[in-house]
1. Quick one: accessible area per residue over the chain, 1.4 Å probe, rounded to a whole number of Å²?
2. Under unit Cβ charges (Lys, Arg +1; Asp, Glu -1), what dipole magnitude, rounded to 20 debye, does region 27-156 have relative to its Cα centre?
3. Work from the charge dipole of the chain (Cβ charges, +1 for Lys and Arg, -1 for Asp and Glu, about the Cα centre) and give the residue of Ala77, Cys173, Pro230 farthest towards its positive end.
4. Using the reciprocal of the averaged 1/r over all distinct C-alpha pairs, how large is the Kirkwood radius of the chain in Å?
5. Just read off the accessible area of Tyr237 with the full protein assembly in place, 1.4 Å probe, to the nearest 10 Å².
6. Of Lys153/Lys233; Lys93/Lys153; Lys41/Lys248; Lys97/Lys229; Lys164/Lys233, which sit over 20 Å apart, Cα to Cα?
7. Would you calculate, for the chain, the mean residue ellipticity at 222 nm contributed by helices, counting each DSSP H stretch of 4 or more residues as -39,500 (n - 2.57) and dividing by all residues, to the nearest 500?
8. Rounding to the nearest 20 debye, state how big the charge dipole of the chain is about its Cα centre with +1 on each Lys and Arg Cβ and -1 on each Asp and Glu Cβ.
Amino acid sequence: MPSYQTQSERPPRIWWCATGLLAFLPIHAAGIYDTQERGDKVSDFVVSSYAPTLNSILELSDPVVREELQVLTVAQASAPGAPRIPKTEDEVKIVQKLVTGVRALNLERGDATVQRVRDGMIESGWIHLACHGQQNPDDPMNSGFLLHDDILKLSEIVKLSLPKADFAFLSACQTAMGDEKVAEESVHLAAGMLLSGCRGVIATTWSIRDDDAPTIAQEVYSRMFKDGKPNRKEAAYALQEAVKLLRKSGVECVSWVPFVHIGR
């Protein structure tokens, strides 16, 4: 497989549709990282996305581009019973600054209840959730997002119809983690968002650091909203560049490997 040669030449896109225990491997991050040689990493050749099912990447139809696009941002830094994650509020401020020219609905702290977030998701085209995520190993359908008053569970998300949904950024831990007891199925929060109507999702395969999420969000949205025009199809490319920047900052691999793109 040839490597792309210039900065202006975009690498090809590839979708990994792994099954069984392979679904738990970070295939997108495969490579040799103790060298600066080009051609030693998967990311030197392709931009990776994941596909929980083949249907999730079929371009059956795209939503009509609406001038009244609404972006929902949710920051829940202090969910009951969970450690505080203060950078979530900084993160959504970054997102709000970058998503110019569209309607914005921001829910933080006491406003970020299960009901209000659920209602906001139904009315929004892009969804950014900065909060605690929780994968329940005993009952995956009880996995969810920790909000002000309760958990927005996967079992509720899959029942939602999100007619305006186009893109979701799940800036929370374990949102694409899956469950080893049902490895042939994608039972995680990112897959639930796809099932409810989103066409593309950025998610995480395990826990992430509070300090890293704003860096990723800054790079992703600055590229997806280039020239003030929202473009969901740039998400996978934007994420790869954001992760590359985080990696070059010197953080350990456990910080940048978890971020993945799923869907179209």
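The values are calculated or read from the model by the stated rules, or taken from the named source; none is laboratory data. Small disclaimer: the values here were computed from a predicted structure and weren't measured. So basically every Cβ, Gly included, is an ideal-geometry build from the backbone, and we count neighbours across all protein chains shown. Keep in mind that these areas ignore ligands, DNA and RNA; they rest on the heavy atoms of the full protein, side chains included. Shrake-Rupley method; radii C 1.70, N 1.55, O 1.52, S 1.80 Å.
1. Working: 12680 Å² over 264 residues.
Accessible area per residue: 48 Å².
2. Working: 12 positive and 20 negative charges, 59 e Å.
Approximately 280 debye in magnitude.
3. Positive-most Cα among the choices belongs to Pro230.
4. Values: mean 1/r = 0.0542 Å⁻¹.
The Cα-based Kirkwood calculation yields 18.5 Å.
5. 40
6. With Cα atoms farther than 20 Å apart: Lys153/Lys233; Lys93/Lys153.
7. Numbers: 7 runs with 65 residues, N = 264.
Value at 222 nm, helices only: -7000 deg cm²/dmol.
8. Numbers: 28 positive and 34 negative charges, 124 e Å.
My answer is approximately 600 debye.
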